[in-house]
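Reading through the structure tokens given below for one structure.
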Amino acid sequence: MLDERKTAILRAVVQEYITTAQPVGSTHVANAAGVMVSSATVRNEMAVLEQEGYLAQPHTSAGRIPTDKGYRFFVDHMAPPGRLDQQASQRVGAFFDTAHGRLEELLHQTTNLLAQVTHHAAVVVGPTTESSKVRSVQVVGIGARHATIVAVLSNGVVESETVELPAEVSDIKLAAASAHLQQHLVGRSLEHGRSVPSTGDGEVDAVCALATDAFGASNSEQPVFVGGAASMAQAFDTVETVRSVLHTLEQQYVMVTLVRDILHRGLSVAIGVEHGVEPLAACSVIVRPIVVDGEHVGTVGVLGPTRMDYPQALATVEVVSDRLGRRLGDGAGIGGSGNG
């Protein structure tokens, strides 16, 4: 653990470097709030912090910059609680108060919102359909030979699929199919649809089979959306780093695995090499789960350079994940992710 003086000096270096992206000299640190020692003392302490791995000196005559270890100490012990400024808070609130449309569109727009507010790349991993439990299911006739099957899921998604019936089916039979599906699917995931037992009525069973087949075709993979990748081009000095980061952001499987692994390790912030994805070694990732009715259904995160404003990014990700979880929990006005 660092003593009070070294902690104050490290804080001053981290905060200044986050702001300017330039190596920080001892004169600036000596004048920073909470330091109150001479430049000579600061130089000595910065040398010790460098030896202990918290700071690095990119050039012999330059000031110091934080290392991943320095950022980690800052995040764990020194970062003040972040709060969204009024403008950002109003923007996020207005977005979720008026959000509507299909699930994919909501997640895509949430990703763009997060990227615009943080000025970093944003990642939203949405809920799967198959892992969510059915709250209600109904078959609605929309013509002599067509019906719409609507299922409300525990993740807040409303799945709707339109199917073509093999023959004209009466409203009574459709109601019977609804009741049978309700009995055997509510409280279970859609993937159990194939095990719905027969009713002994050929027409009702045919409708149930069409319904479960339609939902069975739904995508079982978690949808992932990445936004704000262009902002990463301004975040790094070398073209090679930018190219490596952008290429990795395009790989959806890598991004899903990245945010999942960070959460599984009990982290909300992974700095530099901590996340284990080599092409993103110059980046930090901040993640929060999307929770609906106590169930972790997805993930919200931002990815930026290690010199990101951690308190602000943490506050933004927390607010957006909370509002998105509540929006999915309400389920109002959100259409399904099916093909209907």
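The values are calculated or read from the model by the stated rules, or taken from the named source; none is laboratory data. What you see is a predicted model, and the numbers here were worked out from it, not measured in a lab. Every residue, glycine as well, gets a Cβ built from its backbone with ideal geometry; the counts of neighbours run over all protein chains shown.
In the range 1-20, the qualifying residues are those that are in contact with a strand residue (DSSP E or B) (Cβ under 6 Å, 6 or more places away or on another chain) and either of a type outside the set (A, V, I, L, M) or farther than 12 Å from Tyr310 by Cα (or both), and the one that is surrounded by the most Cβ atoms within 10 Å (Cβ to Cβ) is Val13. Would you say Leu84 is of a type in the set (A, V, I, L, M), part of a loop (DSSP other than H, G, I, E, B) and either surrounded by fewer than 21 Cβ atoms within 10 Å (Cβ to Cβ) or under 18 Å from the mean Cα position of the chain (by Cα) (or both)? It is true that Leu84 is of a type in the set (A, V, I, L, M), part of a loop (DSSP other than H, G, I, E, B) and either surrounded by fewer than 21 Cβ atoms within 10 Å (Cβ to Cβ) or under 18 Å from the mean Cα position of the chain (by Cα) (or both).
Is it true that some residue in the range 176-191 is charged (D, E, K, R), modelled with pLDDT under 90, buried (at least 21 other Cβ atoms within 10 Å of the Cβ) and outside the structural domain of Gly304 (by TED's automatic domain parsing)? No, the range 176-191 has no match at all. When the residues of the range 47-81 are filtered to those that are surrounded by fewer than 18 Cβ atoms within 10 Å (Cβ to Cβ) and among the β-branched types (Val, Ile, Thr), which remaining residue is modelled with the lowest pLDDT? Step by step, filter the range 47-81, then rank; the result is Thr60. Screening the range 284-298 for residues that are out of contact with any His (no Cβ under 6 Å at 6 or more places or on another chain) and modelled with pLDDT of 95 or more and picking the one that is farthest from Thr238 (Cα to Cα) gives Arg288.
I'd like the full set of residues that are of a type in the set (A, V, I, L, M, F, W, C) and either touching a Gly at 6+ places or on another chain (Cβ under 8 Å) or not in a helix (DSSP H, G or I) (or both), limited to the range 17-45. Talk me through it step by step, then tell me what you get.
First, the residues of the range 17-45 that are of a type in the set (A, V, I, L, M, F, W, C): 18, 21, 24, 29-30, 32-33, 35-37, 40, 42.
Selection gives Ala21, Val24, Ala32, Ala33, Val35, Met36, Val37.
Contact map, the range 297-308: first residue under 25 Å from Gly325 (Cα atoms), second residue assigned to a strand (DSSP E or B) and of a type in the set (Lys, Arg), Cβ cut-off under 7 Å, separation 6 or more or different chains; pairs are Val300/Arg288. Of the residues Val150, Val169, Val139, the single one that is at pLDDT 90 or above, among the β-branched types (Val, Ile, Thr) and either closer than 30 Å to Gln234 by Cβ or in a strand (DSSP E or B) (or both) is Val139. Checked against the criterion of being basic (Lys, Arg), in the same structural domain as Ser231 (by TED's automatic domain parsing) and in contact with a strand residue (DSSP E or B) (Cβ under 6 Å, 6 or more places away or on another chain), the candidates Arg102, Arg72 yield just one match: Arg102. Of all positions in the range 99-107, at least one carries a residue that is part of a strand (DSSP E or B), within 28 Å of Gln251 (Cβ to Cβ) and either among the charged types (D, E, K, R) or modelled with pLDDT of 90 or more (or both).
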